[in-house]
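Reading through the structure tokens given below for one structure.
Derivation of every value follows stated rules applied to the coordinates shown; laboratory data play no part. Since the structure is predicted, the reported quantities are computational estimates derived from the model, not experimental observations. Because the Cβ atoms are built from the backbone with ideal geometry, glycine has one as well, and the counts that use them run over all protein chains shown.
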Amino acid sequence: MSLQSTPPKIPLRFLRWFCHPDLLEDVEGDLAELFDSRLEKSRFKAKMLFVLDVLLLFRIGIIKNFKPFNSVINYAMISNFLKIARRNALRYKGNTILNLLGLIIGISSSLLITLLVYDEVSVDKFHTNGNQIYQLFRNMRQSESAVVTTESIPKPAADLMAAEYPEVDEIALVSWRMDRTLGAGDDNVTLEGRFVSPEFLNMFTFPLIIGDKNTALNDLGAIVISKSTALSQFGEDWPSTALGASIRLDNQYEVKVTGVFEDPGSNSSLDFDWLMPADQFINNNQWMNDWGNGSFRVYFTTETPEKAKAVGDRILDEITNHTVGADNAGMEQLIVHKFQDYYLYSNFDNGAVNGGRIDYIRILTVVAIFILVIACINFMNLTTARSERRTKEVGIRKVMGAQRFSLSIQFFLEAIVFSTFATLVAVVVAHLLLPFFNHLIEKNLFIPFGEPITWIFLIGTAVIVGLLSGSYPALLLSAMNIIQSLKGKVKKSVSALFMRRGLVIFQFGISTFLIIGTLVISQQLRYMLNKDIGLDKENLLALRIATEETEKLDAYKTELLKSTHIKSVSRNSGNPISYGRSTSSANWEGKDPNTGYEVNVMITDVDFIETMGMEMLKGRGFDNQFNDSTNFIINQVAADIMGFDDPIGKDLSFWGINGEIIGVVKNFHMLDMHEAIAPLIITCIDPSQSFVVMVRTEEDIVQAIEAIDDVTKATFPETNYEYEFVDTILEDSYQVEIMVNTLVNILAGISIFISCLGLFGLSSYTAEQRSKEVGIRKVQGARVSQIVFLLSREYAKLIVIACIIAIPFAYYVMQDYLSNFVYRTLLKPDVFIYAGLISIVVGACAISIKLYNAAVSNPVKSLRQE
Amino acid sequence: MGKYSIGEFEEVVLLTVAILYENAYGITIKEDIETRLKRKVSVGAMRTALNRLEKKGFLKSEFGEATAVRGGKRKRYFKVTKSGKEALEEVMEARKQLWDAIPAVAFDFKFG
């Protein structure tokens, strides 16, 4: 027999792999015999035939059963695992409760955060063609370094796009939200809505319940109203009566209802109660036809991102190109931003997109994941620490022939049973907590049980949490040495101890990190709310009167001042604390003709400075004794840009008006603290452009409001008005920050609580383990405090290490967070010290409860039991 | 078909096992079928058939001694069981009944 008489290896190996073990031996033998007999004729042919035979053997009946775990685990075994898991859980109730409590709290809080994140991410995603809609933004250079980005675009830019940009399919103009008084019956209501071009209804998915979306906004006298408006104006039978009905607009015009749309839900960033044709608004506001004036938002659709980019490249300098030589030429650029991204990415830094709500979404997501991980770690630590109780069981199982694999399966299964149970309870808990949570975040979230994604998510959570928390126990317990585990003498695995300590450090590191984050975020919030914004915000009201009769405002003001509860009144072209009306036409002595500056202009009356409680740094405020109509006050930022040593008396012109500077006012914030203070010119040139009346009241606000109400009703009987407190407006502008602050506060609390649960479990284990030692020490005369200190040292050390590790990370991350704000609090060391102290103190409490119990217990008890 | 369901190839294999009596294992069965019936039989097809017959209880098997020719693997010898014999008899019986039922003229091809 030649040396090459063995059959080819690869097919043989294949055969051995797939063949049923019962059949393998004789099949292989048959093949070998056959091969030998064929070998006498031709070796090549024998090999080929061997391969062919093996391939033909690959058929049902020969192939072994490949059912997963078939050989190791079966139904009986699984039911045994479940039985043992249940018995263990019931026997060590304390441990089980700690485990489950951590998991339930962790999962339910993550669940709520996920709902919030999901809701935020789904905003504006309901538009059918949503991913083809883009919006134009305008970058305005205000000084060498500052760029302000706005969504108000000069209308001619939209006209130009419609005429000359073939890649753009549709363009929609959308105005800012405006108050209009509507009345169908006797009563008037003031509602916010928008003027939009007819393409709007086609581009966005706001379906009309009645009316034709293609023609609804074609007629200048048309109005489309929301379902809720229709219901309030026309009653229950609006579907039959609303269409074609007349509505009084501002008690002056008649408009005709041409459609009713479903109210934009909370997942739409565009909100409105009525829509009217943009042309109606443009006809009354001819200034909109100038390239120098921003007005509408401009949305357009184009098929692909490439085309959108092409549009963006081409449109960049259109404003500059069309305003060359004009006296209001500014350094302005148009940029393109995806509409659906805008809600989450709405911050512009130096003209480029830089985060927005997405930052908070990320923070919350990361925190939710952290909490889940902390809960899993609890499970791992408690299970492995208590593993001694299971050593005999593991030993016996091994002796009976259990393989490591099946033991791992057992512990994984146990963890998954736990996590599934915890998830179920967590869903109920989350469902019960949802009303409070909604109240907290001012949203209307619900758990969408009807949607498969919810179930996929829940099952996914249960499995992942189970696998994660079961991984380490499964690995550790299944690897035990049989003989030692049966003797009941488990050598303490050093690596397990290290691992457990590492996990505790990790937990407390994250908790400390979160506490630092909480402290910094709330410090920044307090800073923003309490910072001197350059005006006296107490007892200051902003009144908005929806009237065209501006000539009555002088008399109105006089009437208001007659009340003893009102200190002073001033009329403004906008609310000074959220202001954005600007010009690029400002000119002054020595201005570099090559740089364009966008300067805000505020039109007020002579009482402005006094009413707002602002402080003049140089010069004087407006005064009735002088003719101040061409005299201007500027703020510090403007003074710096203009660069005069003494700006008083210097010439300044804008909008073609020449005048001189009479004073410099201390900087005040016109926008929130994300934004730098912009240069500003204050003028009292044309008081008729007043939309907002600022009222400074005396201490008794209630009386003042009554007085305001009386006077307003007497002067403008037909008109609705609204008033807001300036400090409330300020607070509202930090709504997101306040919400995130509250959430992160709560989450940090939860994370430290869960960590402490774990620590509590571990320390009670230590107390149990070392009960004899404690007994002996007590007999020898040790004091309770000494024993507690001795026992807790082990864990206290870990918490301190965790703090030390967490601080640099937190410093780095919080520095990054604060850089989002132009005006920000300083990161001082006390934040880190406080956070460290909080974790150490809270951790120490958790440890000492059990250890104290152990230390005060009677030594006789622990020493006698043998 | 009664309680014994059996396919054509299975019948051939079962009969061959009976023919070979004490020497019925994989290769001999395969070769016997190939020489007697002049048809190609793959190891796979034959093994599946043997397996199926054994599951049905028509065959029983036991391992023989290991031989060097087979790479040290033992032969699995097959034997027809009592119910295997009954199955074969029933098939034959069924065929016979059918043959008997054919009218004489059916096979008279003279005027075909």
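Each part reduced to its alpha carbon centroid, segment A:629-686 and segment B:1-55 end up 107 Å apart. Principal-axis analysis of the Cα atoms of chain A puts helix A:9-18 at an angle of about 80° to the longest axis.
Scan segment A:109-143 for chymotrypsin sites (Phe, Trp or Tyr not before Pro) in coil per DSSP, keeping those whose Cβ has at most 16 other Cβ atoms within 10 Å, and list them by number.
Values: sites: A:TYR118, A:PHE126, A:TYR134, A:PHE137; in loops: A:PHE126.
When the chymotrypsin sites (Phe, Trp or Tyr not before Pro) of segment A:109-143 are filtered for loop state and at most 16 Cβ neighbours within 10 Å, A:PHE126 remain.
Counting Cβ atoms of other protein chains within 10 Å of each Cβ in A:57-64 and taking the mean gives 3.
How high is the relative contact order of chain B, in percent, with contacts defined as C-alpha pairs under 8 Å that are six or more residues apart? Please list the in-between numbers first.
Working: 110 pairs, mean separation 30.5, N = 112.
Answer for chain B is 27 percent.
Taking the Cα centroid of segment A:806-839 and of segment A:361-424, what is the distance between the two, rounded to the nearest whole Å? Cα centroid to Cα centroid, the span is 35 Å. A DSSP coil position with no more than 15 other Cβ atoms inside 10 Å describes the following chymotrypsin sites (Phe, Trp or Tyr not before Pro) in segment A:416-505: A:PHE446, A:PHE449. About its Cα centre, the dipole of chain A is roughly 9220 debye, where the only charges are +1 on Lys and Arg Cβ and -1 on Asp and Glu Cβ. Taking Lys and Arg as +1 and Asp and Glu as -1, the other residues whose beta-carbon sits under 9 Å from that of A:ILE566 total +2.
Between A:MET614, A:PRO435, A:ILE729, the Cα set farthest toward the positive side of the dipole of the protein assembly as shown (charges on each charged residue's Cβ, about the Cα centre) is that of A:PRO435.
Could you point to the residue in A:PHE644, A:GLY102, A:ALA767 farthest towards the positive end of the protein assembly as shown's charge dipole, with +1 and -1 charges on the Cβ of Lys/Arg and Asp/Glu respectively? Going by the charge dipole, the pick is A:ALA767. Exposed loop sites here mean trypsin sites (Lys or Arg not before Pro) with a DSSP loop assignment and at most 15 other beta-carbon atoms within 10 Å; chain B contains its longest site-free run at B:41-109.
Nearest 20 debye, what's the magnitude of the dipole of segment A:565-660 about its Cα centre given +1 on Lys and Arg Cβ and -1 on Asp and Glu Cβ? Write out the running numbers ahead of the final one.
Numbers: 7 positive and 14 negative charges, 62 e Å.
For segment A:565-660, the charge dipole is close to 300 debye.
Between the DSSP loop rule and a limit of at most 10 other Cβ atoms within 10 Å, which GluC sites (Glu not before Pro) in segment A:164-254 are left?
Details: sites: A:GLU164, A:GLU167, A:GLU170, A:GLU192, A:GLU199, A:GLU236, A:GLU254; in loops: A:GLU167, A:GLU199, A:GLU236.
Answer in residue order: A:GLU236.
Total lysine pairs in segment A:770-866 at Cα distances under 24 Å, for residues eight or more apart or on different chains: 8. Computed on the Cα trace of chain A, the radius of gyration divided by the Kirkwood hydrodynamic radius gives Rg/Rh = 1.11. For helix A:75-91, what angle does its Cα long axis make with the longest principal axis of chain A, in degrees from 0 to 90 and rounded to 10? With both axes taken from Cα atoms, the answer is about 70 degrees.
Using R0 = 60 Å, the C-beta based FRET efficiency linking A:ASP212 and A:TYR823 works out to 0.75. Other residues whose C-beta falls under 10 angstrom from the C-beta of B:ALA18 contribute a net charge of +2, scoring Lys and Arg +1 and Asp and Glu -1.
Listed values for segment A:777-794 are Karplus-derived 3J(HN,Hα) couplings in whole Hz (6.51 cos²θ - 1.76 cosθ + 1.60, θ = phi - 60°), namely 4, 5, 4, 6, x, 6, 7, 4, 4, 5, 5, 4, 4, 4, 6, 7, 4, 3, and x replaces Gly and Pro.
Near A:PHE626: Cβ cut-off under 13 Å, other residues only, Lys/Arg at +1 and Asp/Glu at -1. The net charge is -2.
Whole-Hz Karplus values for segment A:510-524 come out as 4, 4, 4, 4, 5, 5, 4, x, 4, 5, 5, 4, 6, 5, 5 Hz, taken residue by residue from phi with 6.51 cos²θ - 1.76 cosθ + 1.60 and θ = phi - 60°; glycine and proline positions read x. Relative to one another, the C-alpha centroids of segment A:176-233 and segment B:73-100 are positioned 89 Å apart. Taking every residue in B:36-43 and counting other chain Cβ atoms within 10 Å of its Cβ, the average works out to 2. Nearest 10 degrees is fine. How inclined is helix A:43-57 to the longest principal axis of chain A, computing both from alpha carbons? The two axes meet at around 70 degrees.
Roughly how many debye, to the nearest 20, is the charge dipole of segment A:752-829 about its Cα centre, given +1 on each Lys and Arg Cβ, -1 on each Asp and Glu Cβ, and no other charges?
Details: 9 positive and 4 negative charges, 71 e Å.
Result for segment A:752-829 is approximately 340 debye, rounded to the nearest 20.
When the P(r) of segment A:287-407 is calculated, the portion above 22 Å amounts to 65% of the C-alpha pairs. Under 17 Å from a label point set 7 Å out along the Cα-to-Cβ vector of A:HIS322, the amide N atoms of segment A:162-197 belong to A:162-175, A:197.
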